[in-house]
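Values in this text are rule-based calculations from the coordinates and carry no lab data. A quick note: this is a predicted structure, and the numbers were derived from the prediction, not measured. When we count neighbours, we look across all protein chains shown, and the Cβ atoms used for this are built from the backbone with ideal geometry, even at glycine.
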Amino acid sequence: MKKFPSKQRFYDVLHRGTVSLIMAGSLYIVANIGYSIFYHYKYTRPQRQEHYRMIQEEEIAQEQLERERELIRRQAQAEKLVS
């Protein structure tokens with residue numbers, strides 16, 4: 001006669017399989033989070049910093065242009081008053 005495995009052995013195998021699945025899922029999630037952090041610091045963050053730097057440069061150039069126009073306008077008014 002064949003001896004069938006006991007219920008305890010079945011539960012042990014089932015428990016080991018469940019723990020293995022949970023560990024594999026946890027490892028996958030940790031690896032995915034690690035890759036996301038790496039990708040953020042390697043690619044996304046520098047692109048965002050470059051974008052903000054370009055915006056700031058454009059704002060500075062716009063302000064400088066407005067100041068130059070104001071200076072030219074004041075010089076024209078001063079010349080008008082002198083003549």
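Assign unit charges at the C-beta atoms only (+1 for Lys and Arg, -1 for Asp and Glu), then state the dipole size of the stretch 20-83 relative to its Cα centre in Debye, rounded to the nearest 20.
Around 140 debye, computed over the stretch 20-83.
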remark   = With Q49 itself left out, Lys, Arg at +1 and Asp, Glu at -1 over residues whose Cβ is under 14 Å from its Cβ give +2
key: Using alpha-carbon coordinates, inclination of helix 45-82 to the longest axis of the chain, degrees   = 10
key: ³J(HN,Hα), Karplus 6.51/-1.76/1.60, whole Hz, each residue of the stretch 25-37, x for Gly, Pro   = x, 5, 4, 4, 5, 4, 5, 5, 5, x, 5, 4, 5
query = Which of the listed residues, A61, L71, V30, is farthest toward the dipole's positive end in the chain, when Lys, Arg count +1 and Asp, Glu count -1 at the beta-carbon?
reply = V30
